[in-house]
Amino acid sequence: ISKTDLRRFLHYAADHLGYPVLAEVVTAPPTAELEPITASYSQKDEADMGMTYDELSRFGRLRKIDRCGPLSMFEVLVHEWNHLPPAEVADKVKRFFRYYAINRHKMTVLTPSYHAESYSPDDNRFDLRQFLYNVRWTRQFRQIDQRVAQFGEAEGAE
């Protein structure tokens, strides 16, 4: 399950099931703890990824459940995240798909797992999409850039 769903469950368990210590787990900053923590440095997952877990959860649902590619995901999110400039939404979508393409092949060797949600990353039987991608997404990213430019022209015309 996604970290967003897990966080939601931990809040519920802390508030309604008598496990108040779980609230501390929820408020702890997510970290892979792969690098030593020092007085001046602490590894933070969201900062390292360049996206929040809530954003990552939304990307995952759009990719797996709604079967969005880069352009269709941008077109959904540019309206959904209208508090962000289109160029920033475009950068986030491009970052997600670049890392998705870099790491997609790893999904083919995952140990089969329990499917708690329809967005499960388990690839062995249920996700028949290709697993090798061109990380540049040249055509798709060019289309996104054109849409961002159109948004800029529309703002300039107003």
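The numbers here are math on the coordinates, done by the rules we state, and not lab data. Since we're looking at a predicted model, the values are computed, not measured. Because the Cβ atoms are built from the backbone with ideal geometry, glycine has one as well, and the counts that use them run over all protein chains shown.
Taking 0.36 nm per residue of sequence separation and removing the Cα-Cα distance, the Y99/I65 pair yields an extension gain of 10.4 nm. Placing a pseudo-label 7 Å from each Cα along the Cα-to-Cβ vector at D54 and Y133 gives an inter-label distance of 2.4 nm.
Under conditions of 20 °C and 1.002 mPa s, the stretch 1-81 yields 144 µm² s⁻¹ as its translational diffusion coefficient, taking Rh as the Kirkwood radius over Cα pairs in the Stokes-Einstein equation. Note on E46 and V25: their simple-model spin labels are 1.9 nm apart, each label 7 Å out from Cα toward Cβ.
Available extension along the chain between T108 and E80 is 6.9 nm, counting 0.36 nm per residue and deducting the alpha carbon span.
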